[in-house]
Every structure is written in C-alpha cells, then in structure tokens.
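Data first, discussion second: the structure below is written as structure tokens.
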Amino acid sequence: MERKLALLASPTESAQEAARRLMAVSTFVPLSQADTVIALGGDGFMLQTLHGMLENHRTVPIFGMNLGTVGFLMNEWRLDGLDQRLDRAKAFKVNPLRMLATSVTGEQIALPAINEVSLLRETRQTAWLEVSVNNRVVIPELVCDGALVATPAGSTAYNLSAQGPILPLDSGLVALTPISPFRPRRWRGAILPERTRVKMRVIDPVKRPVSAVADQREVRDVAQVEIAIDFAMPLTLLFDPEHTLDDRIAAEQFIS
C-alpha cells in the first residue's frame with residue numbers, strides 16, 4: 001500500500017528551503033490524510049508537532065530531519081532516498097506526561113508534556129514543596145529552586161542539566177529531580193516506575209509563588225501539581241536504524 005506523507009517545516013529559512021527541495025522530488029498530502037509525517041526543523045519544532053497531534057487527538061508516526069541546532073529527536077537531513085529510509089526506519093513509542101495543575105484560585109489546567117513537567121520559583125524566594133508519591137508524602141518540605149518529572153525521552157534535556165539521571169527509552173521509568181535543592185541538602189532525586197503518580201504541593205504559595213511548566217507551556221501561581229504518564233495516546237517517532245533514539249540516550253552517559 002502506498003504511503004501517504006504529510007510535510008511540516010519550521011518557519012526558519014533553512015527548513016523552508018529544505019521543504020521546497022523535498023516537495024520537488026516527493027508527493028505529499030494534507031496532514032488530515034497522512035499516515036506518516038515528515039517534520040523538518042529542530043527539537044523544538046518536533047515537540048511542537050507532537051503537541052499538535054495530542055491536541056488534535058490524532059497521532060501518526062513522525063520522521064524528523066534536523067534543520068535546527070541539536071536535533072536530538074531528529075534524523076540527519078538528506079534529500080534523497082526518503083522512501084527507502086522510511087522502509088528501514090525503527091519506531092519508538094513515547095508516552096507523554098499529563099500535568100494537572102491547580103492554581104491558588106482553584107482553577108485546574110491539564111497539559112501534556114513529552115520531555116518534562118517542572119515546577120519553578122517565580123521570585124527570589126525559594127520554593128517550598130511537599131512531595132508525594134502515589135498519595136504518600138515522601139518529602140514533607142523540599143526547599144529548592146524547583147523540581148521536575150522527566151520521561152526517558154526528556155531525561156537528556158532539562159533533567160540532565162539539573163543533574164538528573166539518564167533513562168533508557170524502554171526502561172519504564174520516570175525521573176523525579178530537584179532543581180538546586182537546599183533542604184534536604186543531600187537528596188538528589190529518585191527514579192520511579194512509569195505508573196507512579198507524583199504530586200507536589202506548594203507550601204505557602206502566596207509568599208513563595210511557583211509556576212508549573214509542561215515542556216514550554218507555563219501555568220503561573222500554582223497551589224499543587226499532579227503528574228503521571230498518560231498511556232491513552234502514545235506517540236511514535238521514526239529513526240534511521242544506524243542512529244536511533246535509544247543509541248543517542250545511551251551515548252549521552254559517556255559524554256563529559
């Protein structure tokens with residue numbers, strides 16, 4: 001059966017030029033008719049594309065080609081051999097996080113996150129957080145700049161910068177990582193099963209306001225945030241077999 005491809009490109013000049021060249025040699029259909037998406041851009045554009053699929057409740061495999069900077073979630077940009085690359089591509093399932101944030105006014109906002117959900121202090125005052133795992137309080141008072149929960153796909157992003165662990169893609173785990181913790185001073189985070197539910201309650205959210213960020217989307221002045229993996233709508237990323245996402249994640253552990 002003939003593959004139906006949709007083409008999405010970042011608005012950058014390099015991605016738009018690559019899209020024009022690709023359209024000259026390949027046939028594409030509207031996104032609503034596609035069974036596979038070709039995404040041209042960087043990691044930020046890939047995350048934007050994945051979030052668009054979640055919002056529209058329609059997920060199809062995505063083969064990204066890097067026209068950005070890092071391109072951790074992307075394959076190498078090449079004009080030729082797209083059909084052959086798709087035939088050989090290795091698929092990876094990525095289950096996003098679901099954040100349910102409750103503001104100090106009682107408003108509830110649910111947002112997905114492919115990389116991480118992070119809580120961050122809004123002012124010079126440190127954040128004071130009560131951390132619960134599966135409805136059991138494990139840290140009554142975490143004094144810090146913030147804390148985050150990261151997926152394996154996101155474990156090499158903000159989580160790694162915050163000294164969190166790198167998680168293999170098929171590990172079935174999430175990382176709970178503090179950001180600049182002051183007390184408990186020696187706590188460096190936890191590795192938890194992917195079916196764990198994490199709740200972080202803000203202690204004194206008026207004096208010490210905290211925001212919650214699901215990937216790039218922020219909710220200000222939260223009172224508490226509940227975080228869990230959403231298994232209802234898995235996302236599929238396609239990679240060239242010689243340079244797959246699990247290989248990249250493993251390699252990050254040996255980069256100094």
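Derivation of every value follows stated rules applied to the coordinates shown; laboratory data play no part. Bear in mind the structure is a predicted one, so any value in this text is a computation, not a measurement. Heads up, the Cβs are rebuilt from the backbone with ideal geometry, glycines too, and the neighbour counts pull from every protein chain shown.
What the table shows:
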{"quantity": "Along the chain, longest interval not containing exposed GluC sites (Glu not before Pro), exposed being DSSP loop plus at most 13 other Cβ atoms within 10 Å", "calculated": "108-241"}
{"quantity": "DSSP loop trypsin sites (Lys or Arg not before Pro) with at most 10 other Cβ within 10 Å excluded, longest remaining stretch of the chain", "calculated": "1-123"}
{"quantity": "Local electrostatic count at residue 167 - Lys and Arg +1, Asp and Glu -1, tallied over other residues with Cβ under 11 Å", "calculated": "-4"}
{"quantity": "Solvent-free Debye scattering, log10 I(q)/I(0), computed from the Cα coordinates of region 1-84 at q = 0.13, 0.17, 0.19, 0.24 Å⁻¹", "calculated": "-0.36, -0.64, -0.80, -1.27"}
{"quantity": "Global geometry of region 156-200, whether rounded, prolate or oblate, following the gyration tensor of its Cα atoms and the 1.5 cut on a/c", "calculated": "oblate"}
{"quantity": "Average Cα contact separation per residue, region 150-256, under 8 Å, 6 or more apart, as relative contact order %", "calculated": "22 percent"}
{"quantity": "Top positive-direction residue, dipole computed over the chain with Cβ charges, set 95, 5, 206", "calculated": "206"}
{"quantity": "Simple Cβ-charge dipole of region 97-229, Lys/Arg +1 and Asp/Glu -1, about Cα centre, in debye nearest 20", "calculated": "400 debye"}
{"quantity": "Calculated from backbone phi, Karplus (6.51, -1.76, 1.60) coupling profile of region 33-38 in Hz, x at Gly/Pro", "calculated": "9, 7, 10, 8, 10, 9"}
{"quantity": "Cα coordinate range in the chain, projected on the principal axes (Å, largest first)", "calculated": "59, 40, 32"}
{"quantity": "Charge tally in the Cβ shell below 13 Å around residue 245, where Lys, Arg are +1 and Asp, Glu are -1, residue 245 excluded", "calculated": "-4"}
{"quantity": "In sequence order, calculated HN-Hα J values of region 149-164 (Karplus, 6.51, -1.76, 1.60; Hz; x Gly/Pro)", "calculated": "10, 10, 7, x, 4, x, 5, 9, 9, 4, 4, 5, 4, 8, 6, x"}
{"quantity": "Per-residue HN-Hα couplings for region 215-227 [Karplus 6.51, -1.76, 1.60; θ = phi - 60°; Hz; x = Gly/Pro]", "calculated": "6, 9, 9, 10, 10, 8, 6, 8, 9, 7, 9, 10, 9"}
{"quantity": "Within region 94-145: Cβ-based charge dipole about Cα centre, in debye rounded to nearest 20 (Lys, Arg +1; Asp, Glu -1)", "calculated": "80 debye"}
{"quantity": "Check: region 155-199 dipole with +1 on Lys, Arg Cβ and -1 on Asp, Glu Cβ, in debye", "calculated": "380 debye"}
{"quantity": "C-alpha long axis of helix 43-56 to longest principal axis of the chain, angle in °", "calculated": "90 degrees"}
{"quantity": "Length-normalised contact order for the chain - Cα pairs under 8 Å, 6+ apart - percent", "calculated": "21 percent"}
{"quantity": "log₁₀ of I(q)/I(0) at q = 0.21 Å⁻¹ - region 97-229, Debye sum with one point per alpha carbon", "calculated": "-1.26"}
{"quantity": "Residue-count net charge about residue 22 - beta-carbon cut-off 11 Å; Lys, Arg +1, Asp, Glu -1", "calculated": "+1"}
{"quantity": "Under-5 Å amide H pairs with residue 183, H placed in peptide plane, nonlocal only", "calculated": "143"}
{"quantity": "Estimated 222 nm signal from helices in the chain, with DSSP H stretches of n ≥ 4 weighted -39500 (n - 2.57), rounded to 500", "calculated": "-5000 deg cm²/dmol"}
{"quantity": "Spatially close lysines, pair count over the chain: Cα under 27 Å, gap of eight or more or interchain", "calculated": "4"}
